[in-house]
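Some notes on the structure that comes next.
The values are calculated or read from the model by the stated rules, or taken from the named source; none is laboratory data. Just so it is clear, the structure is predicted and the values come from calculations on it, not from any experiment. A quick note on method: Cβ atoms are made from the backbone with ideal geometry, for glycine too, and the neighbour counts reach across all protein chains shown.
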């Protein structure tokens with residue numbers, strides 16, 4: 001299983017470039033669910049040649065370090081938490 005760190009928006013170093021601010025924590029049945037940053041915070045710049053067009057634009061605008069983040073969402077129909085995956089680019093390592 002891949003290692004990740006969990007963060008709430010109020011303490012997340014990626015908050016400046018996150019389009020989903022306020023999404024963490026989500027509370028379901030009195031249990032808090034936080035965003036998961038996979039592999040820890042990015043420490044190596046990503047090669048833009050492997051990115052799709054939308055990600056290349058974010059790379060140019062927001063920074064060369066890409067973080068993969070799962071953001072919790074409450075699925076009211078299923079009454080459970082599901083996660084949406086986002087790429088968050090930042091200008092410096094560690095957010």
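I'd like to know if segment 65-79 contains one or more residues that are within 24 Å of residue 3 (Cβ to Cβ) and in a loop (DSSP other than H, G, I, E, B). No, segment 65-79 contains no residue that is within 24 Å of residue 3 (Cβ to Cβ) and in a loop (DSSP other than H, G, I, E, B). Here is the figure for segment 23-50: residues that are more than 23 Å from residue 10 (Cα to Cα) and touching a helix residue (DSSP H, G or I) at 6+ places or on another chain (Cβ under 6 Å) total 1. The set of residues in segment 29-51 being more than 17 Å from residue 90 (Cβ to Cβ), at pLDDT 95 or above and either surrounded by fewer than 17 Cβ atoms within 10 Å (Cβ to Cβ) or under 10 Å from the mean Cα position of the chain (by Cα) (or both) consists of 30, 31, 32, 49, 50.
Looking only at residues of segment 71-95 that are surrounded by 20 or more Cβ atoms within 10 Å (Cβ to Cβ) and under 19 Å from residue 52 (Cα atoms), we find that the one that is farthest from the chain's Cα centre (by Cα) is 90.
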